Amino acid sequence: YAAFILRYRVWTDASDDAPLEDIGRAMQYIEEHAAEFGIQPEQYAIVGYSMGGHLTGLFGTESVGYKHYNVPKPAALLLGYPINDFFEVKPLYHIAIDPLIIGWRYYWTNISDVVNKNYTPTFFWYGKNDYYMECMNYEKQGPLLEKTLKESGATYQCVVYENAPHAIGPGRYTDADGWIKLAAEFWEEQCK
């Protein structure tokens, strides 16, 4: 697999939906330079963790994601402990990074708000002992996202681990060790 790592803008540099813009521009760049990189950009997957999982989840939509940036729909979204709902943090984000803006910003939209039957196939996982998610109303995070995906009829796979705290990336030394293999299998299945 060819892999690209994006460093998107955060905190005070994240005004005007900059992180979502960064993903869109990165995908445009990769598609435009595919021959130069020696890659085939179709049937790609996007991986995101935590806030990156939130952004990746939004990028999987037609309205504010891939279609908005005129790039092909991803074959799969691979999300690790994604933030579905910024909960009480939304007003703080707005004050900190967009104080003079009235209108939509990425952090106001929950992934579960934009899921429908045509939503990009999604593999996601999270841990029952994720203290960070507990502080952000645990039930509004992974459990609500899974419920919404199931009810919408979208293609998805969710894995919930007993011991998988926040910010563990590949999950080494936790129950989530090996999630990357499961996610790759899910992605490959979507590409058939």
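For the chain, with all protein chains present and a 1.4 Å probe, just round the carbon and sulfur fraction of the accessible area to a whole percent.
Answer for the chain: carbon and sulfur cover 54 percent of the accessible area.
Which one of Thr12, Gly52, Asn118 has its Cα pushed farthest toward the positive end of the charge dipole of the chain, where Lys and Arg give +1 and Asp and Glu give -1 at the Cβ?
Ranked along the dipole, the leading option is Asn118.
Given contacts defined as C-alpha pairs under 8 Å and at least six residues apart, what's the relative contact order of the stretch 80-192, whole-number percent?
Across the stretch 80-192, relative contact order equals 30 percent.
For Lys90, give me every one of the lysines with a C-alpha distance below 16 angstrom, ignoring sequence neighbours fewer than eight places off in its own chain.
Straight-distance partners of Lys90: Lys140.
For the stretch 80-175, state which chymotrypsin sites (Phe, Trp or Tyr not before Pro) are in a DSSP loop and have at most 15 other beta carbons lying within 10 Å of their beta carbon. Before the final figure, lay out the partial values.
Numbers: sites: Phe86, Phe87, Tyr93, Trp104, Tyr106, Tyr107, Trp108, Tyr119, Phe123, Phe124, Trp125, Tyr126, Tyr131, Tyr132, Tyr138, Tyr156, Tyr161, Tyr173; in loops: Phe86, Phe87, Trp104, Tyr119, Tyr173.
Sites meeting the loop and neighbour criteria: Phe87, Trp104, Tyr173.
As a check on your grasp of the helix formula, calculate [θ] at 222 nm for the chain: sum -39500 (n - 2.57) over DSSP H runs of n ≥ 4, divide by the residue count, round to the nearest 500.
After summing the helix terms and dividing by residue count, I get -10000 deg cm²/dmol.
At a probe radius of 1.4 Å, what is the per-residue accessible area of Val159, in Å² to the nearest 10?
30 Å²
Could you pull the accessible area for Lys147 with a 1.4 Å probe, rounded to 10 Å²?
Its heavy atoms expose roughly 110 Å² to the probe.
List the aspartates and glutamates whose alpha-carbon lies under 17 Å from that of Lys147, not counting same-chain residues fewer than 8 positions away?
Straight-line reach from Lys147, under 17 Å: Asp85, Asp113, Glu139.
Rounded, prolate or oblate: which fits the stretch 54-107, taking a ≥ b ≥ c as square roots of the Cα gyration tensor eigenvalues, rounded meaning a/c under 1.5, else prolate when a/b beats b/c?
Values: a/c = 3.69, a/b = 1.56, b/c = 2.36.
It comes out oblate by the Cα gyration axes.
Could you report the stretch 39-192's accessible area per residue, 1.4 Å probe, as an integer in Å²?
Here the per-residue accessible area is 48 Å².
Can you sort Cys135, Cys158 by 1.4 Å-probe accessible area, starting with the largest?
Cys135, Cys158
I'd like the accessible area for His54: 1.4 Å probe, protein heavy atoms, all chains in place, Å² to the nearest 10.
Here the residue's solvent-accessible area equals roughly 0 Å².
Tell me, what HN-Hα J-couplings in whole Hz come from the Karplus equation 6.51 cos²θ - 1.76 cosθ + 1.60 at θ = phi - 60° for each residue of the stretch 51-64, using x for Gly and Pro?
Each residue of the stretch 51-64 in turn: 5, x, x, 4, 4, 4, x, 5, 5, x, 9, 6, 5, 10 Hz.
Does the stretch 131-192 come out rounded, prolate or oblate by the C-alpha gyration tensor, with a ≥ b ≥ c the root eigenvalues, rounded set by a/c under 1.5 and, if not, prolate when a/b is larger than b/c and oblate if not?
oblate
Place a +1 charge on the Cβ of each Lys and Arg in the stretch 1-100 and a -1 charge on the Cβ of each Asp and Glu, then give the dipole magnitude about the Cα centre in debye, rounded to the nearest 20.
Here the size comes out at about 180 debye.
Calculate one ³J(HN,Hα) per residue across the stretch 168-177 by plugging θ = phi - 60° into the Karplus curve 6.51 cos²θ - 1.76 cosθ + 1.60, and present them in order as whole Hz with x for glycine and proline.
Using θ = phi - 60°, the values come out as 9, x, x, x, 4, 6, 9, 5, 7, 4 Hz.
Given a cut-off of under 8 Å on Cα pairs at least six residues apart, what relative contact order in percent is computed for the stretch 136-192? Display every interim value, and only then the final one.
Values: 24 pairs, mean separation 10.2, N = 57.
That works out to 18 percent.
Is the stretch 88-155 best put as rounded, prolate or oblate by its Cα gyration tensor, with a ≥ b ≥ c the root eigenvalues, rounded for a/c under 1.5, and otherwise prolate when a/b is larger than b/c, oblate when not?
Oblate shape, in that a/c is at least 1.5 and b/c is the bigger or equal ratio.
The values are calculated or read from the model by the stated rules, or taken from the named source; none is laboratory data. Since the structure is predicted, the reported quantities are computational estimates derived from the model, not experimental observations. Glycine also receives a Cβ, built like all others from the backbone with ideal geometry; neighbour counts cover every protein chain displayed. Accessible surface is based on the protein model in full, side chains and every heavy atom, while ligands, DNA and RNA are left aside. Shrake-Rupley method; radii C 1.70, N 1.55, O 1.52, S 1.80 Å.
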